Each structure stands twice: as C-alpha cells, then as structure tokens.
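The values are calculated or read from the model by the stated rules, or taken from the named source; none is laboratory data. Keep in mind that this is a model prediction, so the values were computed, not measured. Virtual Cβ from ideal backbone geometry, glycine too; neighbours counted across all protein chains shown.
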Amino acid sequence: MYKNTRGFTIVELLIVIVVIAILAALSVITYTNIQTRAKNATKVSTVQQAVKLIQLYKTSGGVYPRSAAGGEFCLTTDNVCTNYAGTVNEAANTALMNELKEFGTPSAQSGDTVVSGGRYGIVYNYLASRTLSSQPNPALVMFFLDGTNQMCASLIGGMVSVTDDGTGNFVPGNRSSGDTGGKTRCYMMFPN
C-alpha cells in the first residue's frame, strides 16, 4: 500500500527558523544582562568594603583619611582608576592604603576592565570645601557601574547617592551624574 508522506513546506520551515532566531536573540540579551548585574554586584561589594574602612578610620580619629593632604586617590591596592572624565588617576595611593590597612584589608582590584579612554575603578576624593545640601561634607567616593541609567541610590549602606547641582554643591540624587560611555557614574557621600 502506498502511504502519502508529506514534508514541511517552505513557509513552515521559515516560521521555525524565525522562532529559533528570536529565542537565540532573547538568550543572548538575557545572558548579557546577567553578566552586567553580576559585575555591578561585585563592584558594589568592593565599594562597600572600602566605605567600611573609611568609616572605621573616621570613627577612630574623627577625621576622614587624607584630610590633611586632600586630593583624589584610587581605593584599591592596585591603584587603578580614572577620574570623573575618564582620565587615569596617577596619584600614589600608598599612604591612603596604609591608613586604611589599620582597620582591615583594602580590595586589590575594582573588578573593572581597564581600557584606554574608559572609566573604571573606585575613587576616593577629599576636598575640604565640598558641601552636601549646603553643609560641609568633604569626602566623596566615585565608581562606575556597567550599563546606562543604572540606579546608584541605596547601593552603599551608610552613604548618600549625590549629584552636583551645578554650583559645586552636591544634593541627593538617584543616578548621580548619569551615563558616561556605556557606564553610569555614581557619586556617594557620607551623610552629614
């Protein structure tokens, strides 16, 4: 007996191919988002560790680290970071690291990929004249999260996410200074 076996039509094959392509694209997007979240979680953990050391230092001596010298320093022992504009910070951070080592072990690295012209690392900046909501507040920690429009507020316990109001005074803000080259720059200050 002859059996009529019917194959797939070209339209059916195209539909299957389109469905597989859509599923593959969704998988790639999901994987990328998971990687970004994991990298940002590592960065936040590193920043939290540095902030705890700074808080212990201030509690012990009543002043922030480097208050006598002022300036901008990388907050990891590898001394690899950039400033807000993406310029490599070449200031030696040995004195700051030694001050913080009295209260624990500073992180070796920030977890960022170092690229020419990129924004990476964790920065500690002490400027005596800096203010938060018009009150003196000299210590600032800055770091970069991967991805645009990331939320900075509430990431680091004991700190306030801030943005510059344009007059040199910092005010509370959820996303700090916004997006910079595919990253979100986060400014954090200790509350008054």
I need every pair where a residue in region 163-181 that is farther than 18 Å from residue 151 by Cβ and among the polar types (S, T, N, Q) has its Cβ under 9 Å from the Cβ of a residue that is part of a strand (DSSP E or B) and modelled with pLDDT of 80 or more, sequence separation at least 6 or different chains.
169/131; 169/132
I'm checking my understanding of the structure. Among residues of region 146-170 that are assigned to a strand (DSSP E or B) and of a type in the set (Ser, Thr, Tyr), which one is surrounded by the most Cβ atoms within 10 Å (Cβ to Cβ)?
161
If I ask for residues that are part of a loop (DSSP other than H, G, I, E, B), surrounded by 14 or more Cβ atoms within 10 Å (Cβ to Cβ) and within 20 Å of the chain's Cα centre (by Cα), which ones from region 92-132 would you list?
93, 106, 107, 109, 110, 111, 112, 114, 118, 119, 120, 121
Taking region 92-126 and keeping residues at pLDDT 90 or above and hydrophobic (A, V, I, L, M, F, W, C) leaves 92, 95, 96, 97, 100, 103, 108, 122, 123
Conditions (1) within 19 Å of residue 51 (Cα to Cα); (2) free of Cβ contacts under 8 Å to residues at least 60 places away in the same chain; (3) crowded, with 16+ Cβ neighbours inside 10 Å; number of the one not met by residue 143:
(2)
Go through region 96-112 and give me each residue that's free of Cβ contacts under 8 Å to residues at least 40 places away in the same chain and in contact with a strand residue (DSSP E or B) (Cβ under 9 Å, 6 or more places away or on another chain).
96, 97
